[in-house]
Every structure is written in C-alpha cells, then in structure tokens.
Ligand code: PMP
C-alpha cells in the first residue's frame with residue numbers, strides 16, 4: 001500500500017469529535033453516558049429558518065452559487081454584523097463558506113507563506129484548529145497564554161514578548177472556547193495597538209458573539225484603525241442552532257476576493273438552499289426571538305452548572321461570561337484523589353462515573369502554572385447537568401484518599 005503523507009500523519013484534530021466517537025461507541029453498547037463533550041446547541045433550528053430553506057429547495061435553489069455567497073445573504077450579513085459592532089460593512093467585504101471553521105485555514109493560507117517562518121499567534125488554551133492549521137500550512141504556531149487569574153484574559157507584557165518580526169497574524173477568540181472568558185476592552189485595545197504598530201492581521205473568531213451573558217459584545221474591529229486589518233469570522237452555527245447547516249462567513253474588505261478564490265478551489269460554494277435559511281436567521285424577527293430564548297436558557301444552565309461544579313470536592317469554577325462552556329480548575333480534585341492529571345481524571349469520569357467531558361490537553365499544551373482543567377459544554381438539559389454533576393460528586397467522594 002502507498003504511504004500517506006507526513007503532513008497528514010502530523011495533522012492535529014478537534015478532540016471533541018474523537019471523544020464523541022468514544023461516547024457513541026459506549027452508548028451503542030448500552031452504557032448510559034451523560035455527555036458534556038460537544039459544543040453545539042441541543043435545540044432545534046427555529047421554524048422560520050427551516051421554512052425558508054424548504055421554500056428555497058422547492059423553488060429550485062439547487063445549483064452552485066457565486067463562491068462568495070448569494071448577494072442577498074451577504075447584504076443581510078453586512079447589515080446585522082455591522083449593527084452589532086457599530087461599524088459600516090460593505091456586502092462586497094463578506095464571503096460565505098460552509099461554516100466559520102474553514103476561514104481559519106483560508107486566513108492562514110492568505111496571510112502566511114509556507115515554510116518562510118511566518119508566525120501565527122493563537123490562544124492557549126484555545127480552539128485546537130488554530131494550532132493544527134497553522135502547522136499543516138507551513139506557518140509557525142506561537143501560543144499565548146490565557147490565564148485563569150486574569151479571568152481568562154492574557155498578560156499584555158507576556159503577549160507582547162511573543163510578537164516578533166516574523167509575526168503575520170494574531171488569532172483571538174472572544175467569547176472563548178474552552179474557557180467561556182471574554183476579552184476585556186483593555187485586552188482588545190492592547191492587541192489593536194500592537195497590530196497597528198507592527199502592521200499585522202488579526203483573525204477575530206466571533207462565533208460566540210451572541211452567546212454572551214453579561215454586558216455588550218465588543219469586537220476588535222470596532223476599534224479605530226482595526227476594521228481594515230481584522231478578519232471578522234462568525235456565522236449562524238451557534239446562535240441559531242444551525243451547526244449542521246454549515247453556513248459561516250468572514251468579513252474583510254481586502255481579503256474578500258482572496259477568500260473567494262480559496263472557496264472556489266476547495267468548496268465551490270456553501271449549500272445554496274441553506275444560504276436562504278441563513279438569510280431568514282439574520283432578518284426574521286421570529287428567528288432572533290428564538291435565538292434570544294436559547295441564550296437565556298444557556299445563561300440559566302450556566303448558573304446551575306457553576307453552582308453544582310463548585311459543590312464538588314476539589315473543583316473550582318469561574319463563571320463563564322459567554323459561550324456554553326465551563327472550565328473548572330481540578331488541580332485540587334486530582335491531588336485529593338491521587339489522580340495524576342486532568343486527562344486521567346477525564347478518563348475515570350467517563351469509565352467510572354459515566355460522564356463525558358474534555359480535558360485541557362485537548363485545547364493546547366498544558367500550562368504548568370495554570371494547573372489542571374476540564375471543559376464542560378453545558379449545551380445540554382438542566383436534568384443532565386444536575387445528574388452529571390451529581391455523578392461526579394459521588395465519584396469524588398468515593399475516591400478521596
Ligand atoms: N471557532 C470556534 C472557537 C468554535 O468553537 C467553533 C465550533 N466548535 C468554530 C469556530 C466552528 O464554527 P462552524 O461550525 O461555524 O464551522
């Protein structure tokens with residue numbers, strides 16, 4: 001048999017999908033697992049959106065579209081995303097693709113050259129695809145630390161030290177996966193000053209911009225001088241419970257034409273009828289009301305899970321400000337049970353307490369001074385949250401040294 005490429009052998013992945021496969025295997029064997037693994041709303045897509053897509057299918061919207069997406073959708077995106085950020089967006093600056101995720105790749109490929117030592121800075125812990133795609137596309141991944149002591153922001157002095165003459169792109173993500181942290185205005189301003197001073201691109205992953213529990217969403221693109229160098233990446237996946245519809249988009253005036261060429265090369269276009277669903281999501285009042293209700297429900301679950309996690313011996317959980325992730329510190333939980341680390345704890349929770357979670361090593365190299373963490377996605381029912389945290393509590397009490 002011919003070999004696969006080294007590039008492929010070394011390709012990183014999103015472990016949420018790997019653990020999910022493990023959970024599904026156990027479920028198929030009849031095990032009753034409560035899962036906090038996967039980052040997607042457990043709600044159905046709002047009716048208004050489904051009806052718009054059905055209508056599109058029935059009226060023959062089944063061919064390719066322009067690679068950048070249909071103009072009506074790009075107009076709706078420019079209008080609604082511009083309004084949220086208080087900026088003017090030209091529909092020509094918007095490119096639609098199959099999910100927001102592919103823009104991580106498109107951006108790295110558009111702003112760095114393979115093997116030239118171009119550096120891409122990204123948050124650690126952070127969404128694992130940033131590291132995987134920087135590496136596989138021949139750039140140099142440079143992590144910057146997200147710190148629990150800073151309420152899941154970063155230390156600007158430390159951040160600045162990691163910027164070099166080779167830095168091309170800074171990736172930020174707020175509200176953040178996996179910590180639920182939100183970058184403060186000061187953090188955004190700090191990055192903006194550096195990006196302007198050193199003439200850098202900023203990829204702002206804003207996929208959770210509407211799942212925010214306190215205050216108003218702040219985008220780095222709204223800071224003076226930043227819109228032109230910021231790639232705003234977002235989409236309808238999380239806000240409208242549309243993860244499987246695969247509609248995401250990126251906004252940047254200069255890079256739009258290059259992103260369009262990448263879409264032509266890789267996907268041709270996003271799903272035609274689903275683009276009509278996305279128009280309904282962004283323009284119909286009913287869809288917005290449904291999305292607001294989902295966020296309200298995530299907030300309620302956030303309060304429950306944080307309270308319950310903090311009742312577990314050795315667990316200490318900050319309140320996530322956005323997303324549907326909680327990221328408790330479990331250093332003490334490992335100590336008092338003699339469990340080696342978060343990953344061993346994760347495995348024991350899956351096999352013994354029948355609760356599936358992810359561990360910090362699924363989101364980058366562990367930062368020793370930060371201790372051990374687990375990630376819980378609370379996009380699941382209140383009943384599951386109560387049962388799952390209770391099972392962990394019982395596991396801990398049974399295993400105390
Ligand atoms: N960015 C982050 C930070 C995410 O957590 C996710 C989904 N897990 C994505 C991007 C991908 O979004 P989409 O489903 O629209 O591709």
(message) Could you tell me the center-to-center distance, by alpha carbons, between segment 48-84 and segment 191-241 in angstrom?
(response) 23 Å
(request) Multiply the residue gap between residue 398 and residue 336 by 0.36 nm, knock off their C-alpha separation, and tell me the result in nm, one decimal place. (result) 21.2 nm
(message) Nearest 10 degrees is fine. How inclined is helix 71-85 to the longest principal axis of the chain, computing both from alpha carbons?
(response) 60 degrees
(message) Given R₀ = 22 Å, what would the calculated FRET efficiency be for residue 257 paired with residue 166, taking r from the Cβ atoms and rounding to 0.05?
(response) 0.30
(message) To make sure I understand, if each residue's beta carbon is the centre and we count other beta carbons within 10 Å, what order do 201, 262 fall in, fewest to most?
(response) 262, 201
(message) Whole angstrom only: what separates the Cα centroid of segment 11-25 from the Cα centroid of segment 322-358?
(response) 17 Å
(request) Pop a pseudo-label 7 angstrom from the Cα along the beta-carbon direction at both residue 224 and residue 26 and give the gap in nm to one decimal. (result) 5.4 nm
(request) Give me the number: length gained by fully extending residue 285 to residue 4, i.e. 0.36 nm times residue separation minus the C-alpha to C-alpha distance, one decimal in nm. (result) 96.2 nm
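Nearest 0.05, what FRET efficiency do residue 387 and residue 367 give at R0 = 25 Å with Cβ-Cβ as r? Walk me through the numbers before you get to the answer.
Numbers: r = 32 Å, r/R0 = 1.27.
Efficiency at R0 = 25 Å is approximately 0.20.
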(message) Taking the Cα centroid of segment 109-135 and of segment 359-392, what is the distance between the two, rounded to the nearest whole Å?
(response) 26 Å
(message) Give me 212, 309 sorted ascending by neighbouring Cβ count inside 10 Å, so fewest comes first.
(response) 212, 309
(request) Please give the residues of segment 196-232, grouped as numeric ranges, whose backbone N is less than 19 Å from a label point set 7 Å along the Cα-to-Cβ vector of residue 88. (result) 221-230, 232
(request) Report the relative contact order of the chain, percent, no decimals, based on alpha-carbon pairs under 8 angstrom and at least 6 residues apart. (result) 23 percent
(request) Round to the nearest 10 and give me the degree value, 0 to 90, for the angle of helix 382-399's Cα axis relative to the longest principal axis of the chain. (result) 40 degrees
(request) Can you tell me how much longer the chain between residue 292 and residue 40 gets when fully stretched, taken as 0.36 nm per residue apart minus their C-alpha distance, in nm with one decimal? (result) 89.2 nm
(message) Connecting C-alpha atoms closer than 10 Å in a GNM of the chain, tell me which of 62, 98, 359 has the biggest fluctuation.
(response) 62
(message) Taking the 0 to 90 degree range and rounding to the nearest ten, how far is the long axis of helix 272-283 tilted relative to the main principal axis of the chain, both from C-alpha atoms?
(response) 80 degrees
(message) Of all beta bridges DSSP finds with both residues in segment 47-284, what is the antiparallel percent, to the nearest 5?
(response) 35 percent
(message) Only bridges whose two residues both fall in segment 121-245 count here: according to DSSP, what percent of them are antiparallel, nearest 5?
(response) 5 percent
(request) May I ask you to order 233-243, 50-60 by the average number of other C-beta atoms within 10 Å around their residues, highest value first? (result) 233-243, 50-60
(message) Under 10 Å, Cα contacts only: if you run a Gaussian network model on the chain, which one of 173, 210, 310 comes out with the highest mean-square fluctuation?
(response) 310
(request) Identify which of 306, 202, 18 has the largest mean-square fluctuation in a Gaussian network model of the chain, with springs joining Cα atoms closer than 10 Å. (result) 18
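How much FRET efficiency would the formula 1/(1 + (r/R0)^6) give for residue 316 and residue 54, where r is the Cβ-Cβ distance and R0 is 35 Å, rounded to 0.05?
Working: r = 47 Å, r/R0 = 1.35.
Here the calculated transfer efficiency is 0.15.
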(request) Rank the residues 395, 298, 378 as a footprinting-exposure proxy: fewest other Cβ atoms within 10 Å of their Cβ go first. (result) 395, 298, 378
(message) Please compute the contact order of segment 47-284 in relative form: average sequence separation of alpha-carbon pairs under 8 Å and at least six residues apart, divided by the residue count, as a percent.
(response) 31 percent
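Throughout, read-outs are computed from the coordinates displayed, never taken from laboratory work. What you see is a predicted model, and the numbers here were worked out from it, not measured in a lab. Don't worry about glycine lacking a Cβ; one is built from the backbone with ideal geometry, like all the others, and counts go over all protein chains shown.
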